[in-house]
Structures are given as C-alpha cells and as structure tokens.
Amino acid sequence: MKHKLRENLTGYLFISPWLIGFLIFTLYPFCRSFYLSLTRYTIISEPKFIGLANYKMMLFDDELFWKSLWVTVRYALVSVPLVLVVGVGLALLLNINVKGMTIFPTIFYLPSIVPVVATTSIFMWILNPQVGLVNRVLALFGVVGPAWLTDPKWTPWTLIFMAIWGAGGSMVIYLAGLKDIPIYLYEAATLDGASAIQKTRVITLPMLTPVIFFNLVMGVINTFQYFTQAFMISKGSGGPEDSTLFYALYMFQRSWKYLDMGYGSAMAWALFVIVVVCTTVIFRSQRRWVHYGH
C-alpha cells in the first residue's frame, strides 16, 4: 500500500508543472469568467454583481450579438464544407503513385504553416482594388475587378477563399488516412471489376470518414473562434457594413474597446455553449456516416 502511494506521489510530482499551469492558467480563468459574466465589470472598477442581466441584454436587446453570430454561422456553413471537399480532393490527387508527385504535398502544405498575419497581409495586398495583383490581371482581360475588401458583397467570399487557401493543413491528415486504408480492399475490388470511381465511392471515402469527422469537428470549433483575418481586414471595426463582424471580433470589441468585460465574459460563455451544442450534434450524427475499423 505504501509502495503504491509512493508511486502515485512520484507520478503527481512529475506532472505537477502541468497541473499547476492548468489550475492557474486554465481552470481559474474558466471559473472566474463565469463569475464575471454575472457582473458589470469595466476593468478599472470592481465587479458589481448584476445576475443574468448580461445574458438578458445579449439575447433580447443586442442586435449586433445576433448579427455577429449569423456572420459566423454563415461563414461556417460555406467555408467548412468547402475546405473539407478541397482537402479530400487534393489528398486523393496526391495519393496517386506518379513520379515526382512527392513534391506537391509540400507545396500545398506550405500555405497552412505561414503565420495568419503574414497570409492576411499578402491577401490584403494582392486583392487591393487599385494596385492589387488580382484586379490588374483581370484588367488585362477587360474585366473590372470588384472591391474585394471594402464591398460587403465580396468581403465574406474573400475570407472564404483565404480559408480554402489554407486547406493544405487538413490535406496532410487526409493523406495519412489514405495511407492507412488496406491495399487488399482495392485488390479485391479490382478482381470484382470495380472502376476507379467505384473504388473511391465504396472503399476510399467510407474508410476516410473518421478523418473527415475529425477535421469537421476541428473546423467548426476553429470557425467560431475566427478573429485575426477579420480584425486585420476591417482594422477591428467589423466592416464594411458589419460583413466581417464575426462573433469573436465583436466579443473582443465589447471586452477591450468598450471595456465591458462582464458582457464579454457572458459572450464567451454563450460561445462555449454554442460550440458544445454543435459538436454534440456532430458526435451524435457520426453513428450514421462514420465507419471505424477495416
């Protein structure tokens, strides 16, 4: 008994740095934010308990809350499926055994490891309506390019294109999933006279569903935290006409621009609930379309 207790203490001693960091930098802020969501707190003054007033105002009196939520949901409904399709498509193409193909995964993966700030700055330059590379190329063909970053009709699509540009990160995961599919399944399908399209539909895609499921969950979670690109393009305003006012950006504005930290904490907890609900729905749905095992 003493020996087992000593082993347990030794184990806790080794993981104590992580435990201390988790308690101080994760668990305490997590609990503290819930308390602040029930207060009126402007950072420069002490929190004043107001109960559920922040949540009431958020749900019934704040139009920008619902607008920012819709901007985020609309972006998620378009970008997440597109990134999934592009990632799977690239992985299928790069999984072909052709000489010289090994260099292409690296090329497609590079955009996903470039810092988001650098990538956004590049897109802000090439999509500039006056001096941008894209509009100059379009002008060569007599096409007048739109104001990609200042027209509310085009700004969301610009952000979606930027998301697709970084699809190489998920592509690498799909490639790993494709390598894990047993060869004998394809050999048996070949003997049965299955075409390449039939093999993809009956073998490849079903066997790849666990990886698709993982990227779907991570894509939804990351989309609801979308901030940096919208902040840089709109200079923190969420414009034009609130077309880039994503939920995380509006939460940042309420917390730091208006110093309404109590309301910002309430928004953070609302976001937590939304993400939990969305991921729960996805997890429940996996029973119908995700196939595990060989």
Pull up the range 137-182, narrow it to residues that are small (Gly, Ala, Ser) and in contact with a helix residue (DSSP H, G or I) (Cβ under 6 Å, 6 or more places away or on another chain), then point me to the one that is nearest to Ile107 (Cα to Cα).
Gly168
I'd like to verify a number: residues in the range 71-85 that are closer than 27 Å to Tyr186 by Cα and surrounded by 19 or more Cβ atoms within 10 Å (Cβ to Cβ), how many?
1
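Picking from Leu27, Leu19, which residue would you name as being farther than 21 Å from Phe272 by Cβ, surrounded by 10 or more Cβ atoms within 10 Å (Cβ to Cβ) and without any contact (Cβ under 8 Å) to a residue 40 or more places away in the chain?
Working: Leu27 fails: farther than 21 Å from Phe272 by Cβ.
Within the list Leu27, Leu19, the selection yields Leu19.
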Run Tyr263 past the list (1) under 14 Å from the mean Cα position of the chain (by Cα); (2) surrounded by 16 or more Cβ atoms within 10 Å (Cβ to Cβ) and report the number of the one that doesn't hold.
(1)
Go through (1) within 25 Å of Glu241 (Cα to Cα); (2) β-branched (Val, Ile, Thr); (3) in a helix (DSSP H, G or I); (4) without any contact (Cβ under 8 Å) to a residue 60 or more places away in the chain one by one and return the number of the condition Val71 breaks.
(4)
Note on the range 99-112: residues surrounded by 10 or more Cβ atoms within 10 Å (Cβ to Cβ) and aliphatic (A, V, I, L, M) are Met101, Ile107, Leu110
Looking only at residues in the range 87-98 that are of a type outside the set (S, T, N, Q) and either buried (at least 17 other Cβ atoms within 10 Å of the Cβ) or at pLDDT below 80 (or both), which one is nearest to Lys199 (Cα to Cα)?
Leu92
In the range 94-106, what residues are free of Cβ contacts under 8 Å to residues at least 24 places away in the same chain and in a helix (DSSP H, G or I)?
Ile103, Phe104, Thr106
Could you check the range 54-70 and list, in sequence order, the residues that are surrounded by fewer than 16 Cβ atoms within 10 Å (Cβ to Cβ) and either farther than 12 Å from Met267 by Cβ or of a type outside the set (A, V, I, L, M) (or both)?
Lys56, Phe60, Asp61, Glu63, Trp66, Trp70
Selection status of Thr228, crowded, with 17+ Cβ neighbours inside 10 Å, within 30 Å of Trp66 (Cα to Cα) and touching a residue at least 40 places away in the same chain (Cβ under 8 Å):
no
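Tell me which residues, restricted to the range 30-52, are more than 21 Å from Cys278 (Cβ to Cβ) and buried (at least 16 other Cβ atoms within 10 Å of the Cβ).
Going residue by residue through the range 30-52, those that are more than 21 Å from Cys278 (Cβ to Cβ) are 31-32, 35-36, 38-52.
Passing the criteria: Leu36, Leu38, Thr39, Arg40, Tyr41, Pro47.
The values are calculated or read from the model by the stated rules, or taken from the named source; none is laboratory data. Model, not experiment: these values are computed from the prediction. Positions of Cβ are backbone-derived with ideal geometry, glycine not excepted, and every protein chain shown enters the neighbour counts.
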